[in-house]
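Working notes, beginning with the structure itself.
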Amino acid sequence: MYPRVANAAYRQANAAVAPTVALVRVYDELIVAMTQAVRAMEEGKHETCFARIQRVTTILRGLDCALDFERGGDIAERLHKVYNSYILQLHISYTRPDRVARYRRLMDGLRSLREAWVQVALEMRGG
């Protein structure tokens, strides 16, 4: 099920672009969903927050399932650990009084990963 989610997210990103560019767009979707979750939590809209967290979780699971450990080696293994750690932290944080701050830290991490993929995309493009 989860690889289909990642594949659908990639298709949404645009099949005509390089895979690294599509991946950056998937990270953009993760950041948008996290931003919406934080806003919903701040507004006391717990159901909306939970739905957005579920969206983030689903995308992260899809990305995790799409990892190629044979070709990706250490990077794939590290991403696997990061994705699973994020999923765990998303759900642990939901029950904590400082959840908004926790979500913001997770969002910062997603932004850092996104920027790393932007650099990879630029290098692959030759720029």
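The values are calculated or read from the model by the stated rules, or taken from the named source; none is laboratory data. As the structure is a computational prediction, the values presented were derived from the model and not from experiment. Counting neighbours? That spans all protein chains shown, and the Cβs are built from the backbone with ideal geometry, glycine included.
Of the residues in region 29-39, at least one is within 24 Å of Arg125 (Cβ to Cβ) and of a type in the set (Asp, Glu).
How many residues does region 9-26 hold that are part of a helix (DSSP H, G or I) and at pLDDT 70 or above? Looking only at that region, the number is 8.
Counting only residues that are farther than 15 Å from Val32 by Cα and charged (D, E, K, R), region 76-114 holds 7 of them.
Pairing residues of region 70-92 that are farther than 11 Å from Leu106 by Cα and small (Gly, Ala, Ser) with residues that are assigned to a helix (DSSP H, G or I) and at pLDDT 95 or above, at Cβ distances under 7 Å and at least 6 apart in sequence or on separate chains, gives Ala76/Phe69. If only residues of region 54-112 that are charged (D, E, K, R) and touching a Lys or Arg at 6+ places or on another chain (Cβ under 9 Å) are counted, the one that is nearest to Arg25 (Cα to Cα) is Arg102.
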